[in-house]
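S.K.: Here it is: the structure, laid out below.
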Amino acid sequence: MTGLTILSILIVLIPLADIIYLFVIRGLEVISWAALTTITVGTGVEFVGGGIANAISGTVVLMLLATAMTVPLGLLGGIYMAEFSNNNRFSEALRFVADVLAGNSSMVVGLAGYFVFVLYFGWGYSALAGALTLSILMFPYVFRTTELALRKVSNDIRDAAKALGSTKTTMINRLTLRYAMPGIITGVLLSISIGLSETAPLLFTASFSNYNFNGNLLHTPVGFLTYVVYVYSQLPSNSAHNLAFLSSFLLITSILVINVVARVVVRRFSKV
């Protein structure tokens, strides 16, 4: 049994390691200051050359907006579910909707974002439409991990705080949130990693631009790294392939850094 387990792990890990090795090596071969600081010239089948500064700036803007919208709502929702809901019908409905969203196809969410934000609200392809669509995909992970992390805190701690005269708000702020913080941080960083890796919902809502982000949140398409990976890897051009490898390298590095930071932060808060 142990041998089969090890063999199964190797069957999964070897191709994964090979893929990561390929993207890291090819990314390091083509990375340069010019590629990181110049914009793409041409888009799609009319690609000419240049760098990915527009995709980097667009990705940063999209993730900052999506995280700013997702984290507060997810935290407050998770706190309500764990500490105030008493498992009523409303909370059961919220939990069901969050679970459905977490298991839904990102393409379906992207198409819904296209009809609602791009067409119905009239925002056009824009950073705000893309970020809102991403936040819908990221929200369930913050929401559910916050609830689960808070529910794992021992009720003895809550009973002790009440016995000492602490109000519920004080107990949550000073005790339960601190003990649940490792799980909450893990959920937040997991949601950011998921947002960074999405392509389909942004194709429907952000489109793509080969210009740097100009501050307009509406009616202005915005570039992002996963578009470069998805589209440019299919073009018959070595320079397009180089940009795709560079974008893959940056995404892998970003997610790796996020996970390392998560482990360090979780270990720090686990000592509380």
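The values are calculated or read from the model by the stated rules, or taken from the named source; none is laboratory data. Here the structure is a predicted model, which is why all the values come from computation and not from measurement. Neighbour counts run over all protein chains shown; Cβ positions are idealised from the backbone, glycine included. Surface accessibility is based on the protein's heavy atoms, side chains included, excluding ligands, DNA and RNA. Shrake-Rupley method; radii C 1.70, N 1.55, O 1.52, S 1.80 Å.
S.K.: Explain nothing, just the number: relative contact order of the range 147-265, from Cα pairs under 8 Å at least 6 residues apart, as a whole percent. Let's see the in-between values first.
M.R.: Numbers: 84 pairs, mean separation 25.1, N = 119.
Dividing the mean separation by the residue count of the range 147-265 yields 21 percent.
S.K.: Return the tail of the calculated pair distribution for the range 181-272, meaning the percent of Cα-Cα pairs more than 24 Å apart.
M.R.: Details: 1534 of 4186 pairs.
The proportion of pairs with Cα distances above 24 Å equals 37 percent.
S.K.: Additional query: Hey, any idea what % of the chain's accessible area is carbon plus sulfur with a 1.4 Å probe? Spell out each step's value before the answer.
M.R.: Numbers: 9980 of 14690 Å².
Whole-percent figure for carbon plus sulfur exposure: 68.
S.K.: Pulled fully out, how much extra length does the chain show between LEU13 and ASN155, if you take 0.36 nm times their separation in residues and subtract their Cα-Cα distance? Mind showing how you got there, number by number?
M.R.: Working: separation 142, 0.36 × 142 = 51.12 nm, distance 4.00 nm.
Length gained, LEU13 through ASN155: 47.1 nm.
S.K.: Could you pull the Cα extents of the range 42-175 along its three principal axes, largest to smallest, in whole Å?
M.R.: 69, 31, 23
S.K.: Okay, next question. If you average 1/r over all unlike Cα pairs in the chain and invert the result, what Kirkwood radius do you get in angstrom? Write down the numbers at each step before the final one.
M.R.: Numbers: mean 1/r = 0.0484 Å⁻¹.
By the Kirkwood definition, the hydrodynamic radius is 20.6 Å.
S.K.: Still on this model: In a Gaussian network model over the chain where Cα atoms closer than 10 Å are linked, find which of ILE31, ILE11, ILE56 has the largest mean-square fluctuation.
M.R.: Maximum among the listed residues: ILE11.
S.K.: Which of the helices in the chain meet the span-like rule: DSSP H, Cα axial reach of 18 Å or more, Kyte-Doolittle mean at least 1.6? Display every interim value, and only then the final one.
M.R.: Numbers: long enough: 2-30 (42 Å, 2.00); 53-79 (39 Å, 1.70); 89-103 (21 Å, 0.65); 127-151 (35 Å, 1.10); 177-196 (28 Å, 1.51); 238-270 (47 Å, 1.20).
Qualifying helices: 2-30, 53-79.
S.K.: Need one number: nm distance between label points at ARG178 and VAL264, each 7 Å from Cα along Cα→Cβ, rounded to one decimal.
M.R.: My value for the distance between the label points is 2.3 nm.
S.K.: A follow-up question, please. In whole angstrom, how far apart do the alpha carbon centroids of the range 1-72 and the range 217-272 sit?
M.R.: Centre-to-centre distance over Cα atoms comes out at 4 Å.
S.K.: Just the projected area, averaged over all directions, of the convex hull on the alpha carbon atoms of the range 1-61: how many nm²? Could the numbers behind the result be given before it?
M.R.: Numbers: hull surface 26.4 nm².
Projected over every direction and averaged, the Cα hull of the range 1-61 covers 6.6 nm².
S.K.: Run the numbers on the chain and let me know its relative contact order in percent, using alpha-carbon pairs under 8 Å that are six or more apart. Before the final figure, lay out each step's value.
M.R.: Numbers: 398 pairs, mean separation 76.4, N = 272.
In percent, rounded to a whole number, it is 28.
S.K.: Counting heavy atoms of the protein chains only and a 1.4 Å probe, report the per residue accessible area for the range 1-142 as a whole number of Å². Write down the numbers at each step before the final one.
M.R.: Details: 7890 Å² over 142 residues.
So the range 1-142 comes to 56 Å² accessible per residue, rounded to a whole number.
S.K.: Here's another thing I want to ask about it. The range 193-272: which trypsin sites (Lys or Arg not before Pro) are DSSP loop and have at most 13 other beta-carbon atoms within 10 angstrom? Present the calculation step by step, with values, prior to reporting the outcome.
M.R.: Numbers: sites: ARG263, ARG267, ARG268, LYS271; in loops: LYS271.
Loop-located and lightly packed - LYS271.
S.K.: Next question. Given the -39500 (n - 2.57) contribution per DSSP H run of 4+ residues, what per-residue ellipticity at 222 nm results for the chain, rounded to the nearest 500 deg cm²/dmol?
M.R.: My calculation for the chain gives -22000 deg cm²/dmol from helical runs alone.
S.K.: How charged is the neighbourhood of SER105? Take every other residue with its Cβ under 15 Å from the Cβ of SER105, and add Lys/Arg as +1 and Asp/Glu as -1. Intermediate results must be reported in sequence, preceding the final value.
M.R.: Details: positive: none; negative: ASP99, GLU198.
Counting the neighbours of SER105, the net charge comes to -2.
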